[in-house]
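Asks: Here you go, one structure.
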Number of protein chains: 4
Amino acid sequence: MIKVGIIGATGYAGAELVRLITTHPQAEIVAISSVSFEGQKISDVYRSYVNINEMICENADDVVEKAEVIFAALPHGLSQELAKKCYDNDKVFIDLGADFRLKSEEEYKEWYKGEYVHKELHDMAVYGLPEFYRDKIKGAKIIANPGCYTTCSPLALVPALNAGVIDTKGIICDCKSGVTGAGRSLSQGNHYPELNEGFHPYKVACHRHTPEIEQTLTSFADEKVTITFVPHLLPVNRGILATCYAPLKKDITMEELRKIYQDFYKGEYFIRLLDDGQVADIHNVKYSNFCDISLHLDKRANLLVAVAAIDNMVKGAAGQAIQNMNIIFGLDEKTGLEIVPPAF
Amino acid sequence: MIKVGIIGATGYAGAELVRLITTHPQAEIVAISSVSFEGQKISDVYRSYVNINEMICENADDVVEKAEVIFAALPHGLSQELAKKCYDNDKVFIDLGADFRLKSEEEYKEWYKGEYVHKELHDMAVYGLPEFYRDKIKGAKIIANPGCYTTCSPLALVPALNAGVIDTKGIICDCKSGVTGAGRSLSQGNHYPELNEGFHPYKVACHRHTPEIEQTLTSFADEKVTITFVPHLLPVNRGILATCYAPLKKDITMEELRKIYQDFYKGEYFIRLLDDGQVADIHNVKYSNFCDISLHLDKRANLLVAVAAIDNMVKGAAGQAIQNMNIIFGLDEKTGLEIVPPAF
Amino acid sequence: MIKVGIIGATGYAGAELVRLITTHPQAEIVAISSVSFEGQKISDVYRSYVNINEMICENADDVVEKAEVIFAALPHGLSQELAKKCYDNDKVFIDLGADFRLKSEEEYKEWYKGEYVHKELHDMAVYGLPEFYRDKIKGAKIIANPGCYTTCSPLALVPALNAGVIDTKGIICDCKSGVTGAGRSLSQGNHYPELNEGFHPYKVACHRHTPEIEQTLTSFADEKVTITFVPHLLPVNRGILATCYAPLKKDITMEELRKIYQDFYKGEYFIRLLDDGQVADIHNVKYSNFCDISLHLDKRANLLVAVAAIDNMVKGAAGQAIQNMNIIFGLDEKTGLEIVPPAF
Amino acid sequence: MIKVGIIGATGYAGAELVRLITTHPQAEIVAISSVSFEGQKISDVYRSYVNINEMICENADDVVEKAEVIFAALPHGLSQELAKKCYDNDKVFIDLGADFRLKSEEEYKEWYKGEYVHKELHDMAVYGLPEFYRDKIKGAKIIANPGCYTTCSPLALVPALNAGVIDTKGIICDCKSGVTGAGRSLSQGNHYPELNEGFHPYKVACHRHTPEIEQTLTSFADEKVTITFVPHLLPVNRGILATCYAPLKKDITMEELRKIYQDFYKGEYFIRLLDDGQVADIHNVKYSNFCDISLHLDKRANLLVAVAAIDNMVKGAAGQAIQNMNIIFGLDEKTGLEIVPPAF
């Protein structure tokens, strides 16, 4: 059994890690921590865990000591020292925060107003999007687990970009996220009566996930990709839907397009390429690690519309982190993640 | 008091007309009709109207005879003969359906598979989007009341298009609608457990509102405008949010952009141009005839992002129809529509 | 025009008063106050009011000075001094808080842990449930506007109690409230992802509205009425449904029961006694001042089941407060409150 | 591996069986049937199952032939012949419908207007509520799997009834169910816009689950128990909350009460007796087979308030059916059901 530690266990991503690893057949949680709830049981914070997981939140140091793989779900800026400690102690560190995601320190400074403290760790950190970078993940000691938006949009666009059928400019990612994406912290905007029956964009064309999406897309293109990224807040708990628009470089048929995606995602269990006429829907992936993708061509405007849906807390956070762990520890990638998304 | 008749009163748009006209100080409903519920009380269909409006549904002929202005909320194809009858009897006809919206019969044939029976009526029909075509509406006998998507997107884009600051190609309207937009007819997709906590696009780049939006946009441009229009279904009752992307033809500052919109919508009570930093939200317009617009510039991609929010059943249907009636009958345009959108 | 002041205007009840009085034809808001947002515009707090009401929040003293009727929507304990000031300045004071609701200071002490400072004001305060106490309301200077639960349950039970057909013991009020009832203050329990798709009781058999409901019921019985009151939190914005169970003292037919309710509520515009076979539903009263009541007999258990539905923010708070104002100022009781509940 | 067949697989209970058995480590689905979708894939009906379960719906006869345990999720009246066929072929039959639940044919006739065709099968059928009747279930060939309401209310009340601390008359079960309880069939009442933001009771004191709840309660009392049962429809997908009121026969402390429940449910994995001060919430059990119970005493009215929450589709249908299968086949009762309820 892999010994797992979770730092930041009482946040939403942390709590989802607790849920998923509890039923993982080859991993067990040996310690959890939480700054806000140190000394309290996780089941006091999340009553759905009563009788199932009643572990007490310790401090981060204890977690690092007891575990062989440490998941950290922390606000950005807090993971770097933790990564150092894990690395020095030969632990695997899987960071669900933003600190190791951007290869360029310049971009990190620009978008996060922070600095890279241990540059060598940033150099060795691997961006944990298995469908794209599986080989590098295998031997990694530090994983930068992608954000929710940054998993969904690239999964929709990369095959087309890699095949050279779409432009590297003029790409638009119009994304819609469930509320858990905003985390557990209280805010007026997420107070039930003010969000319910509402819908709005936020951080229009200035969200921090922009450079991260561009970084992934660019790694599959022959020049820098620039996107316009607009996130919206959906009045649902879970799910992200990315509706991605990309100008086509040349005429292409749906059959050709489909073949490109089929070839690219061949053997990828978590990618479900939907049949023609179907549309990706967050309803069909919730609570699971699947990414559903539907493809559409706008012949009138010569545009690809690629739509991807994931559960932001699973494929967009905790599930993907476990997928990375499985790869690193040589397990079948699906271990603990063969979840059937509920029909309702 | 203006004598109002409503044909198709038990559909959602019809029921909303009933609600709004009931409190209109200068109009009264004299007759309503419904094919499905003829002989039954509207309050048997919508229990919220008990004791308030218990009118019995008659047939369409009775409605035409008794009223001086007839609102029709019918599936497309059924309004043409009705329009003829109204016209022949010198009644004002306000059509909430699609039959008179497209100027081009070719486009109607292509998108609706129907024909124009009385071409002279189509020639005289006026597209009832008051903020754009108020002067023509004043003397109209036949109003083609715009659809919901086709109100929201043009309101977001027309000032920029009219000022020549955006391209006529490459415009994308990513729209999200509440469920009432799909009407009262039952479908598996709108069955509560299958829609709730879900979100998906539909009719991707092939929805019938596409040519209607293009027609309005083109009327403010010097060449044919082509758009990509993708609607999505939101798990809320009411509201449409249109996130519209348009390539900028030249550099423009937010101040310049704002001035263009302010000038264009000067004096328009129902248009609320939000301050910088604010975002349009369907939460803030529900049950009202307002259209909230927020403007955003993506400097990195040289793109305008204009976001508009309306209540699909009010500004997107019944409210706008009443606004048109007010104009035709010489009333203050706001009469009966000075609704305060509830804060929650 | 009646000059209205609203103290605590940025809480939910206050914001609802703003919404309703804005369209009241014979009242106008002359001043509003808010401790949290003094100096800010109400439209900065509630964006749905942009362009409609952009009044700046002043302090409470200014409001008392400028207005002739003062509505206060404050946490309990804060209204007594305010009432004194209003009374001394010959203003009408309508309190949406709890300070003047209980006639018995003992009960107030027990349930609210507070004291009655100006006992003479408590003596003259009138409990503002118009359908029961209209005559006393007419000349009142201080109105104790009932709470939401305390409007709904008595409206369901009083006619039967008054007619002597149900017991004064063994009555159960199982109530379910929308989230706005919990107010605007943030709490983990009302954070969207933790409330959505959930449902639970709270303060089981120990909620402060218990003695208030009993006080009203007892005023229509010949002995002290004791109830069991259990509130639940519904994942909807608005509405309260009270399912009230009362043992029948004798056999009674539905016809007899119906006649008792019809006679009792004769001429009451805001009470809608539903036909046999119908059930009260919060869906049908939302945004309005109506109370829908459905009656059911359980012959097997010899029990009355009376179900009442109101909008907790309107008939359960702001709407009823305005109804009280209308009565005091000699207006038609319906003025400003003839709202058609939307069908969806 | 136990060979499982599911008849009525495309209804909600059937689809939930498909979901749960797919991940059951010691059972496999060998055939499914559906009258409405014969010849189609289950994944065409429920898109969340794409790539996971794409079995084709056969007819019921094929299912009986191929499987060793047959689950039937059918409207009442259709299970009796099926049970006969299974019995004659020595298959285990687990009926999620109502045909075998009532021991009294008289009550079946009264509430379901049907007859018992094969009386000997009704005699041998065992009511499948494991926490109460585990021993009988062990050797059963025909299981009458309880309905959703009929699981939840008895679990809340039986320990107190069994201990003799509550009356057998005057019990009230005020229950609230998520919409999946109404099934997949379309109805206006479950059309999204007409249910959303609504809440209402239905079949007040006349729902068919009444005699079934009474039958279970009576089996733990020394006289016939009569209840008043009022179900309500919650605007959520899943979950039932039963708020049960029962007059206390004598004074009892919370400690004594708690001990009664602890002793009764000792070792029951799926029963979570919550700590004092906690309340049962459907949020905490969804997607799982748990039943959360919170206990409350109303000292003023001398009443027990016992609240139970389950997922209506799991412990109230498919999960409990699998629990029964596990018992019959000698597996650990929890097999395939150790689900962690998601925290959000």
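Asks: Considering only the range B:22-47, how many residues are in a helix (DSSP H, G or I) and touching a helix residue (DSSP H, G or I) at 6+ places or on another chain (Cβ under 7 Å)? If you could, list the steps in order and put the result at the bottom.
Replies: At the first step, the residues of the range B:22-47 found to be in a helix (DSSP H, G or I) are B:22, B:42-45, B:47.
The next check asks that each one be touching a helix residue (DSSP H, G or I) at 6+ places or on another chain (Cβ under 7 Å); those that pass are B:42-43, B:47.
Going through the range B:22-47 one residue at a time, the tally reaches 3.
Asks: Does C:Pro146 satisfy the condition of being part of a helix (DSSP H, G or I), open to solvent by less than 30 Å² (accessible area, probe 1.4 Å) and either within 13 Å of another protein chain (Cβ to nearest Cβ) or touching a Phe, Trp or Tyr at 6+ places or on another chain (Cβ under 8 Å) (or both)?
Replies: On the way: part of a helix (DSSP H, G or I): no; open to solvent by less than 30 Å² (accessible area, probe 1.4 Å): yes; either within 13 Å of another protein chain (Cβ to nearest Cβ) or touching a Phe, Trp or Tyr at 6+ places or on another chain (Cβ under 8 Å) (or both): yes.
It is false that C:Pro146 is part of a helix (DSSP H, G or I), open to solvent by less than 30 Å² (accessible area, probe 1.4 Å) and either within 13 Å of another protein chain (Cβ to nearest Cβ) or touching a Phe, Trp or Tyr at 6+ places or on another chain (Cβ under 8 Å) (or both).
Asks: Same structure again: Which residues, counting only those in the range D:287-325, are open to solvent by less than 10 Å² (accessible area, probe 1.4 Å) and facing chain C (nearest Cβ under 7 Å)?
Replies: Passing the criteria: D:Asp298, D:Val305, D:Val307.
Asks: Before we move on, is A:Glu110 over 18 Å from the mean Cα position of the chain (by Cα) and either buried (at least 24 other Cβ atoms within 10 Å of the Cβ) or not assigned by TED's automatic domain parsing to the domain that holds A:Ala205 (or both)?
Replies: Values: over 18 Å from the mean Cα position of the chain (by Cα): yes; either buried (at least 24 other Cβ atoms within 10 Å of the Cβ) or not assigned by TED's automatic domain parsing to the domain that holds A:Ala205 (or both): yes.
It is true that A:Glu110 is over 18 Å from the mean Cα position of the chain (by Cα) and either buried (at least 24 other Cβ atoms within 10 Å of the Cβ) or not assigned by TED's automatic domain parsing to the domain that holds A:Ala205 (or both).
Asks: So which helices (runs of 4 or more DSSP H) are wholly in the range A:54-122 and hold at least 3 residues that are aromatic (Phe, Trp, Tyr)? If you could, list the steps in order and put the result at the bottom.
Replies: Values: elements: A:60-66, A:79-88, A:105-112.
Filter on the range A:54-122 gives A:105-112.
Asks: Can you tell me which residue in the range A:114-134 is least open to solvent (accessible area, probe 1.4 Å), limited to those that are under 15 Å from the mean Cα position of the chain (by Cα) and without any contact (Cβ under 8 Å) to a residue 60 or more places away in the chain?
Replies: Checked the range A:114-134; the qualifying residue least open to solvent (accessible area, probe 1.4 Å) is A:Val126.
Asks: Filter the range B:8-42 down to residues that are touching a Lys or Arg at 6+ places or on another chain (Cβ under 7 Å) and within 13 Å of chain C (Cβ to nearest Cβ) and give me whichever is farthest from B:Lys334 (Cα to Cα).
Replies: In this case the residue turns out to be B:Gly11.
Asks: Return yes when A:Arg238 is in contact with a helix residue (DSSP H, G or I) (Cβ under 8 Å, 6 or more places away or on another chain), touching a residue at least 40 places away in the same chain (Cβ under 8 Å), basic (Lys, Arg) and open to solvent by 10 Å² or more (accessible area, probe 1.4 Å) and no when it is not.
Replies: Working: in contact with a helix residue (DSSP H, G or I) (Cβ under 8 Å, 6 or more places away or on another chain): yes; touching a residue at least 40 places away in the same chain (Cβ under 8 Å): yes; basic (Lys, Arg): yes; open to solvent by 10 Å² or more (accessible area, probe 1.4 Å): no.
So A:Arg238 fails the test.
Asks: Now, a different point. In the range D:326-344, what count of residues is obtained for those that are of a type in the set (D, E, K, R) and away from chain A (no Cβ under 14 Å)?
Replies: Keep residues of the range D:326-344 that are of a type in the set (D, E, K, R), which gives D:332-334, D:338.
Restricting the remaining residues to those that are away from chain A (no Cβ under 14 Å) gives D:332-333.
Total satisfying the criteria: 2.
Asks: Quick check on my filter: what residues within the range A:13-33 are open to solvent by less than 10 Å² (accessible area, probe 1.4 Å) and among the hydroxyl-bearing types (Ser, Thr, Tyr)?
Replies: A:Ser33
Asks: With respect to C:Asn302, determine if the residue is modelled with pLDDT of 95 or more, touching a strand residue (DSSP E or B) at 6+ places or on another chain (Cβ under 9 Å) and closer than 25 Å to D:Ala306 by Cβ. Please lay out each step first, then the result.
Replies: Details: modelled with pLDDT of 95 or more: yes; touching a strand residue (DSSP E or B) at 6+ places or on another chain (Cβ under 9 Å): yes; closer than 25 Å to D:Ala306 by Cβ: yes.
It is true that C:Asn302 is modelled with pLDDT of 95 or more, touching a strand residue (DSSP E or B) at 6+ places or on another chain (Cβ under 9 Å) and closer than 25 Å to D:Ala306 by Cβ.
Asks: So, one more: Does C:Ile137 satisfy the criteria of being open to solvent by less than 10 Å² (accessible area, probe 1.4 Å) and outside the structural domain of C:Asp251 (by TED's automatic domain parsing)? I'd like the intermediate steps shown before the answer.
Replies: On the way: open to solvent by less than 10 Å² (accessible area, probe 1.4 Å): yes; outside the structural domain of C:Asp251 (by TED's automatic domain parsing): yes.
So C:Ile137 passes the test.
Asks: Testing D:Glu194 on (1) of a type in the set (Asp, Glu); (2) touching a residue at least 24 places away in the same chain (Cβ under 8 Å); (3) within 26 Å of C:Gly178 (Cβ to Cβ), one condition comes back false. Which one is that?
Replies: (2)
Asks: Of (1) in contact (Cβ under 8 Å) with a residue 24 or more places away in the chain; (2) in contact with a Lys or Arg (Cβ under 8 Å, 6 or more places away or on another chain), D:Val307 satisfies all except one. Which?
Replies: That leaves (2) as the condition not met.
Asks: Residue check: is B:Leu96 in contact (Cβ under 8 Å) with a residue 12 or more places away in the chain, crowded, with 22+ Cβ neighbours inside 10 Å, away from chain A (no Cβ under 13 Å) and more than 26 Å from A:Asp298 (Cα to Cα)?
Replies: Judged against the criteria, B:Leu96 is a match.
Asks: Being open to solvent by 10 Å² or more (accessible area, probe 1.4 Å) and in contact with a Lys or Arg (Cβ under 9 Å, 6 or more places away or on another chain) is true for just one of B:Ile2, B:Ile56, B:Ile70. Which residue is that? Steps first, please.
Replies: Working: B:Ile2 fails: in contact with a Lys or Arg (Cβ under 9 Å, 6 or more places away or on another chain); B:Ile70 fails: open to solvent by 10 Å² or more (accessible area, probe 1.4 Å).
So the residue among B:Ile2, B:Ile56, B:Ile70 that is open to solvent by 10 Å² or more (accessible area, probe 1.4 Å) and in contact with a Lys or Arg (Cβ under 9 Å, 6 or more places away or on another chain) is B:Ile56.
Asks: What are the pairs, 6+ residues apart or on separate chains, where a residue within the range D:57-77 that is closer than 18 Å to D:Ile327 by Cα has its Cβ under 8 Å from a residue that is open to solvent by 60 Å² or more (accessible area, probe 1.4 Å) and among the hydrophobic types (A, V, I, L, M, F, W, C)?
Replies: D:Val69/D:Phe329; D:Ala72/D:Leu78
Asks: A follow-up question, please. Where the second residue is open to solvent by less than 60 Å² (accessible area, probe 1.4 Å) and the first is modelled with pLDDT under 95 and lies in the range C:243-256, which pairs have Cβ atoms under 7 Å and are six or more apart or on separate chains?
Replies: C:Lys250/C:Val165
Asks: Looking at D:Thr243, D:Thr216, which is the one that is more than 14 Å from chain C (Cβ to nearest Cβ) and surrounded by 18 or more Cβ atoms within 10 Å (Cβ to Cβ)? First the steps, then the outcome.
Replies: Values: D:Thr243 fails: more than 14 Å from chain C (Cβ to nearest Cβ).
Every option except D:Thr216 fails the conditions.
Asks: Also, I was wondering about something else. Which of the residues spanning the range C:259-276 are at the interface with another protein chain (Cβ under 10 Å from one of its Cβ atoms) and either hydrophobic (A, V, I, L, M, F, W, C) or open to solvent by 20 Å² or more (accessible area, probe 1.4 Å) (or both)? Steps first, answer last, please.
Replies: The first filter runs over the range C:259-276 and keeps only residues at the interface with another protein chain (Cβ under 10 Å from one of its Cβ atoms), leaving C:269-275.
Within the range C:259-276, C:Tyr269, C:Phe270, C:Ile271, C:Leu273, C:Leu274, C:Asp275 qualify.
Asks: Restricted to the range D:178-202, and to residues that are more than 7 Å from every other protein chain (Cβ to nearest Cβ) and within 21 Å of C:Arg238 (Cβ to Cβ), which residue is surrounded by the most Cβ atoms within 10 Å (Cβ to Cβ)?
Replies: Out of the qualifying residues, it is D:Gly178.
Asks: Determine, yes or no, whether A:Ala15 is at pLDDT 95 or above and out of contact with any strand residue (DSSP E or B) (no Cβ under 7 Å at 6 or more places or on another chain).
Replies: So A:Ala15 passes the test.
Asks: When you scan the range C:75-86, how many residues do you find that are open to solvent by 10 Å² or more (accessible area, probe 1.4 Å) and touching a helix residue (DSSP H, G or I) at 6+ places or on another chain (Cβ under 6 Å)?
Replies: 2
The values are calculated or read from the model by the stated rules, or taken from the named source; none is laboratory data. Keep in mind the model is a prediction, meaning the values are calculated, not measured. Cβ: placed from backbone, ideal geometry, glycine included. Neighbour counts: every protein chain shown. Note: accessible area is taken over every heavy atom of the protein model, side chains too, but ligands, DNA and RNA are not part of it. Shrake-Rupley method; radii C 1.70, N 1.55, O 1.52, S 1.80 Å.
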